[in-house]
Amino acid sequence: MLDYVIIGGAQAGLSMAYHLTKMSKNFIVVDGDKEIGSSWLNRWDSLQLFTPTEYNNLPGLKFDAPKGYYPNKIEVANYFKSYVKEFNIPVQLNTLITSVKKTKDGFHILHKDGEFEAKNVIIATGPFHIPYTPPCHTKISKNTIQMHSNYYSAPHQLQAGDTLVVGGGDSGYQILNEISKDKSRTVYFSGDTNVKSIPEQFLGKTLWWWLTLIGFLSYNKYSWIGKRLSNITQPIIGTDTKEILSRKNVISAGRTNDALNEDIHFESGKVSTIKNIIWATGYRTNFKWIEGLELDADHYPKNYRGVSNIKGLYFIGLPWMFTRGSATLGGVSKDAHYLANLMKEEN
Ligand SMILES: Cc1cc2nc3c(=O)[nH]c(=O)nc-3n(C[C@H](O)[C@H](O)[C@H](O)COP(=O)(O)OP(=O)(O)OC[C@H]3O[C@@H](n4cnc5c(N)ncnc54)[C@H](O)[C@@H]3O)c2cc1C
């Protein structure tokens, strides 16, 4: 019987592991993927963080890069690997948990090769579970290359010809930016063209410096200002959306309403020349494997600062779990610290 099983070995899980190590708890971190840092490594090749080094620190170990530098995904994964080594965190990879059930003494945790028994469980499986693609994608011709942004790495995955990017969030705009740098390719964009974008630098300081100064990252979602901030569409950070949309080879097509074979039906009319589609259309959550867990209207676990409706089952790393910082590298520390103190009191 372990004291804790932490499910998910990225920034949120590792932050909790740091505290459990300091508390000399008997625990293990399990992750379904084959490598530490895989959630970052699986993202597209040119990804650069929008948070500079000094805002990427997990508890107890500084991110090893100069101040003001924006790391890439490999540097984040390497930081996690050093973190595991530095604190000697016990990690078991290739262990996808398929079921968590409350028992009389704790929890029964199942994976395809075995099981764990633990008094407590910490779920750190991130905010992005099942890539969502609108249903009309099944009606599109087999000759068109289609992929969700989750599986996009670089333009070499695409065939020659017109390309469509659907989705006007950070991922959609960053991928649109990369693909439309090739001026010989016409790129259709289906997403919000009025979204606000803010630069990474302003008056010689990083955006994150300003956001910290005005307290944006610290307003909690139970305060009136936090409630408002958590409900507005988040601006795009560090990508100049207006410049990208003004490129001669970028065509804003409005909403994607339907599709059949080669024809894609946009709000602005039909286009039949599209050879590649990237769906940057977000994710759905999956917590079905946790028995007895109560979810809210957005399908996220009901919780207060990570404490769920099931005694002994905690969450870390959920978006806006407490503040905007909860699902960021630099912000998860505060939530981990809070939960660790609570765990000290409870045991
Ligand atoms: C494109 C993009 C750019 C971002 N840029 C920044 C940035 O610049 N700065 C910043 O601070 N934040 C950024 N974020 C936000 C945030 O830091 C990340 O989403 C971060 O990856 C969340 O960390 P996490 O530990 O909560 O979960 P994840 O990184 O999603 O990791 C979850 C882990 O759980 C494992 N797992 C999932 N289910 C199971 C299961 N059933 N059993 C076992 N293991 C499981 C997965 O394999 C994975 O390793 C970005 C996010 C995205 C999508």
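The values are calculated or read from the model by the stated rules, or taken from the named source; none is laboratory data. If you're wondering where the values come from, they're calculated on a predicted model, not measured in any experiment. Cβ placement follows ideal geometry from the backbone for every residue including glycine, while neighbour counts extend to all protein chains displayed. SASA here: full protein model, heavy atoms, side chains in, ligands and nucleic acids out. Shrake-Rupley method; radii C 1.70, N 1.55, O 1.52, S 1.80 Å.
Quick look at the values:
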| item | result |
| --- | --- |
| Any hit, segment 244-263, residues being open to solvent by 90 Å² or more (accessible area, probe 1.4 Å) and under 30 Å from LEU211 (Cβ atoms) | no |
| Strands (runs of 3 or more DSSP E) (entirely within segment 97-177) containing at least 2 residues that are of a type in the set (A, V, I, L, M, F, W, C) and within 12 Å of the ligand (Cβ to nearest atom) | 97-102, 107-111, 114-123 |
| Candidate set: segment 217-243, residues that are of a type in the set (Lys, Arg) and open to solvent by 70 Å² or more (accessible area, probe 1.4 Å); chosen: the one farthest from SER184 (Cα to Cα) | LYS227 |
| Qualifying residue in segment 278-289 (condition: more than 13 Å from the ligand (Cβ to nearest atom), loosely packed, with under 14 Cβ neighbours inside 10 Å and under 30 Å from VAL5 (Cβ atoms)) | yes |
| Filter result for SER153 (closer than 21 Å to GLY37 by Cβ and touching a residue at least 60 places away in the same chain (Cβ under 8 Å)) | yes |
| Hey, TYR55 surrounded by 15 or more Cβ atoms within 10 Å (Cβ to Cβ), of a type in the set (Ser, Thr, Tyr) and under 23 Å from the mean Cα position of the chain (by Cα) or not | yes |
| Failed condition for ALA12, given (1) among the hydrophobic types (A, V, I, L, M, F, W, C); (2) open to solvent by 30 Å² or more (accessible area, probe 1.4 Å); (3) within 9 Å of the ligand (Cβ to nearest atom) | (2) |
| Candidates GLY317, GLY325, filtered to the one that is outside any loop (DSSP other than H, G, I, E, B), open to solvent by less than 70 Å² (accessible area, probe 1.4 Å) and within 16 Å of the ligand (Cβ to nearest atom) | GLY325 |
| Residues being open to solvent by 20 Å² or more (accessible area, probe 1.4 Å), more than 16 Å from LEU49 (Cβ to Cβ) and not in a strand (DSSP E or B) - total across segment 202-216 | 6 |
| Single unsatisfied condition, LYS73 versus (1) within 15 Å of GLY32 (Cβ to Cβ); (2) near the ligand (Cβ under 10 Å from one of its atoms); (3) not aliphatic (A, V, I, L, M) | (1) |
| Residue within segment 331-342 that is part of a loop (DSSP other than H, G, I, E, B) and open to solvent by less than 30 Å² (accessible area, probe 1.4 Å) present | yes |
| Residue check, LEU20 more than 9 Å from the ligand (Cβ to nearest atom), part of a helix (DSSP H, G or I), among the aliphatic types (A, V, I, L, M) and over 20 Å from ARG324 (Cβ atoms) | yes |
| Test: ILE89 is open to solvent by less than 20 Å² (accessible area, probe 1.4 Å), more than 13 Å from the ligand (Cβ to nearest atom) and at pLDDT 95 or above | yes |
| Residue count for segment 24-35, restricted to those that are near the ligand (Cβ under 8 Å from one of its atoms) and either in contact with a Lys or Arg (Cβ under 8 Å, 6 or more places away or on another chain) or among the aliphatic types (A, V, I, L, M) (or both) | 1 |
| Qualifying residue in segment 123-135 (condition: open to solvent by less than 20 Å² (accessible area, probe 1.4 Å), more than 30 Å from ILE274 (Cα to Cα) and modelled with pLDDT of 95 or more) | yes |
| Qualifying residues in segment 97-118 (those that are open to solvent by 10 Å² or more (accessible area, probe 1.4 Å), touching an Asp or Glu at 6+ places or on another chain (Cβ under 8 Å) and at pLDDT 95 or above) - the one farthest from ASN309 (Cα to Cα) | GLU117 |
| GLU54, sole failed condition from (1) within 20 Å of THR125 (Cα to Cα); (2) in contact with a Lys or Arg (Cβ under 6 Å, 6 or more places away or on another chain); (3) charged (D, E, K, R) | (1) |
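Residue by residue, here is whether (1) of a type outside the set (A, V, I, L, M, F, W, C); (2) under 23 Å from SER141 (Cβ atoms); (3) outside any loop (DSSP other than H, G, I, E, B); (4) free of Cβ contacts under 8 Å to residues at least 40 places away in the same chain holds:
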position: VAL195; (1), (2), (3), (4): no, no, no, no
position: TYR222; (1), (2), (3), (4): yes, no, no, yes
position: LYS227; (1), (2), (3), (4): yes, no, yes, yes
position: ILE264; (1), (2), (3), (4): no, yes, yes, no
